[in-house]
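Structure first, commentary second.
The values are calculated or read from the model by the stated rules, or taken from the named source; none is laboratory data. Computed from a prediction, not measured in an experiment: that's the story for all the values here. So basically every Cβ, Gly included, is an ideal-geometry build from the backbone, and we count neighbours across all protein chains shown.
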Amino acid sequence: PRRPGRQPSTVSVIPYHTHTMAGDTAPHVVEDLLGVVQLLSDGSVVRGDESVLGPKEPLPDVPGVEWKDVVYHAAHGLRVRVYRPASSSGTGSVKLPVLVYFHGGGYCLGSFAQPPFHAFCLRSAAELPAVVLSVQYRLAPEHRLPAAIDDGAQFLSWLRCQAELGAGADPWLAESADFARTFISGVSAGANLAHHLTIQVATARLPVSPVRVVGYVLLSAFFGGAERTASEADPPAGVSLPVEICEQLWHMSLPVGASRDHPVANPFGPESPSLAPVELPPALVVAPLGDVLRDRVLGYAARLKDMGKDVELAEFEGQQHGFSVLQPFGKAADELMRVLRRFVYQGDTNAER
């Protein structure tokens with residue numbers, strides 16, 4: 001999580017070149033992202049300490065939640081952080097819905113282990129309640145898109161295998177997870193990832209049965225496009241994510257040479273497949289209205305509604321991009337938890353409240 005607007009002096013956007021100029025004596029920086037990720041002229045990447053972009057004070061813990069990390073892709077060393085209420089442990093306990101969660105960071109930054117994402121998952125596990133699965137994925141520019149989406153698909157395949165194992169699955173999942181009530185969610189780039197995985201599941205490109213994806217949740221979704229929207233051309237005051245950083249993140253994460261109308265960035269771009277025939281599960285789209293990407297998120301929800309899809313739009317007046325992790329214990333995050341709980345447990349007369 002980050003507030004790029006606080007430190008514009010660290011941003012240096014330099015045109016990207018795919019080769020080293022003759023006569024260069026050493027690799028040099030061709031692109032610098034917030035002073036944390038540097039792309040060099042030989043294609044190598046130097047990463048700094050992302051904690052400089054995070055909260056200055058430690059975040060409080062959430063009592064009553066246990067968590068652990070489990071490897072889901074050994075070859076790439078990728079892990080998932082599993083959260084559950086401690087009260088759901090042991091055989092015979094009531095099984096809980098599963099919330100798959102992908103962190104944000106523009107596909108170039110972030111980690112499932114960073115404190116703000118961790119805090120959101122702790123709260124979700126305790127307050128929904130749910131089994132929360134926070135998924136690590138490979139980052140660009142070392143691993144350009146669709147690498148992150150491929151990792152997400154690999155994770156859902158791993159989850160399918162866990163569901164098939166029944167009592168032989170990871171003990172926490174075997175005891176606590178109701179795989180027939182699985183939701184795919186994410187914040188910012190993680191919401192973009194959640195959208196694409198939901199499409200893969202809904203079109204049967206990604207078989208997940210006996211897991212059933214019964215809904216998806218987009219929090220401050222990170223979408224793009226070659227033409228700027230009104231909120232990008234004339235941003236709200238004091239945005240946490242400037243449009244220039246959005247465009248730089250796409251430049252560093254999309255395949256080299258791709259425009260922001262690439263289907264990963266723009267689900268309604270000229271090369272993007274139509275979503276009209278896709279039988280999508282219900283969607284919860286969370287739109288902070290102080291976000292430079294506001295119009296893209298509102299447009300996403302409006303287009304799906306026009307197609308007859310089941311979409312709940314939750315607008316948060318005055319809130320910034322990624323507010324759920326920028327202030328994971330703020331009043332807006334409290335309201336988001338209530339909205340998310342209603343969405344996850346809608347129609348469940350036995351739901352905890």
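Of all the residues in region 288-302, those that are buried (at least 23 other Cβ atoms within 10 Å of the Cβ) and under 15 Å from residue 336 (Cα atoms) number 1.
Give the residues of region 127-153 that are charged (D, E, K, R) and under 25 Å from residue 343 (Cβ atoms), sorted by residue number. Within region 127-153, 127 is the sole residue that qualifies. In contact (Cβ under 8 Å) with a residue 12 or more places away in the chain and either part of a strand (DSSP E or B) or closer than 30 Å to residue 128 by Cβ (or both): is that true of residue 27 in this structure? In short, no.
Here 318, 290, 347 are screened, and the one residue that is within 30 Å of residue 54 (Cα to Cα), in a loop (DSSP other than H, G, I, E, B) and modelled with pLDDT under 95 is 318.
Inspect all residues belonging to region 249-264 and state whether any of them is within 27 Å of residue 332 (Cα to Cα) and at pLDDT 95 or above.
Taking region 249-264 first, the residues within 27 Å of residue 332 (Cα to Cα) are 249.
Remaining after also requiring at pLDDT 95 or above: 249.
Yes.
Counting the residues of region 303-319 that are within 24 Å of residue 213 (Cβ to Cβ), surrounded by 20 or more Cβ atoms within 10 Å (Cβ to Cβ) and under 19 Å from the mean Cα position of the chain (by Cα) gives 0.
Restricting region 231-241 to residues that are of a type in the set (Gly, Ala, Ser) and touching a Lys or Arg at 6+ places or on another chain (Cβ under 9 Å) leaves a set whose member that is surrounded by the most Cβ atoms within 10 Å (Cβ to Cβ) is 240. State yes or no: is residue 204 at positive phi and either surrounded by fewer than 20 Cβ atoms within 10 Å (Cβ to Cβ) or more than 11 Å from the chain's Cα centre (by Cα) (or both)? Against the criterion (at positive phi and either surrounded by fewer than 20 Cβ atoms within 10 Å (Cβ to Cβ) or more than 11 Å from the chain's Cα centre (by Cα) (or both)), residue 204 qualifies. Does any residue of region 257-269 turn out to be out of contact with any Phe, Trp or Tyr (no Cβ under 6 Å at 6 or more places or on another chain), among the hydroxyl-bearing types (Ser, Thr, Tyr) and assigned by TED's automatic domain parsing to the domain that holds residue 211? Among the residues of region 257-269, at least one is out of contact with any Phe, Trp or Tyr (no Cβ under 6 Å at 6 or more places or on another chain), among the hydroxyl-bearing types (Ser, Thr, Tyr) and assigned by TED's automatic domain parsing to the domain that holds residue 211, which makes the answer yes. In region 85-98 there is no residue that is touching a Ser or Thr at 6+ places or on another chain (Cβ under 9 Å), within 30 Å of residue 253 (Cα to Cα) and not β-branched (Val, Ile, Thr).
Regarding residue 267, is this residue more than 17 Å from the chain's Cα centre (by Cα), in contact (Cβ under 8 Å) with a residue 24 or more places away in the chain and either under 26 Å from residue 101 (Cβ atoms) or surrounded by 18 or more Cβ atoms within 10 Å (Cβ to Cβ) (or both)? Criteria not met by residue 267.
Reported count of residues in region 93-130, each being at positive phi and not in a loop (DSSP other than H, G, I, E, B), is 0. Annotation note: of 80, 65, the sole residue that is out of contact with any Asp or Glu (no Cβ under 9 Å at 6 or more places or on another chain) and β-branched (Val, Ile, Thr) is 65.
Check 52, 62 and return the single one that is over 22 Å from residue 345 (Cα atoms) and either touching a Cys at 6+ places or on another chain (Cβ under 9 Å) or in contact (Cβ under 8 Å) with a residue 12 or more places away in the chain (or both). Unique residue meeting the criteria: 52. Within region 244-271, the set of residues being farther than 9 Å from residue 224 by Cβ and among the acidic types (Asp, Glu) comprises 244, 271. Among the residues of region 137-151, the one identified as among the aliphatic types (A, V, I, L, M), outside any helix (DSSP H, G or I) and touching a His at 6+ places or on another chain (Cβ under 9 Å) is 145.
Applying the condition of being surrounded by fewer than 19 Cβ atoms within 10 Å (Cβ to Cβ) and either of a type in the set (Asp, Glu) or within 30 Å of residue 284 (Cα to Cα) (or both) to region 80-101 and asking which residue is farthest from the chain's Cα centre (by Cα) yields 93.
Rundown of residues vs (1) closer than 29 Å to residue 155 by Cβ; (2) outside any strand (DSSP E or B); (3) touching a Pro at 6+ places or on another chain (Cβ under 9 Å); (4) modelled with pLDDT under 95, yes/no style:
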{"position": "22", "(1), (2), (3), (4)": "no, yes, no, yes"}
{"position": "32", "(1), (2), (3), (4)": "no, no, no, no"}
{"position": "35", "(1), (2), (3), (4)": "no, yes, no, yes"}
{"position": "42", "(1), (2), (3), (4)": "no, yes, yes, yes"}
{"position": "46", "(1), (2), (3), (4)": "yes, no, no, no"}
{"position": "56", "(1), (2), (3), (4)": "no, yes, no, yes"}
{"position": "59", "(1), (2), (3), (4)": "yes, yes, yes, yes"}
{"position": "67", "(1), (2), (3), (4)": "yes, no, no, no"}
{"position": "71", "(1), (2), (3), (4)": "yes, no, no, no"}
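For region 115-144, residues that are out of contact with any Phe, Trp or Tyr (no Cβ under 6 Å at 6 or more places or on another chain) and over 29 Å from residue 94 (Cα atoms) total 7.
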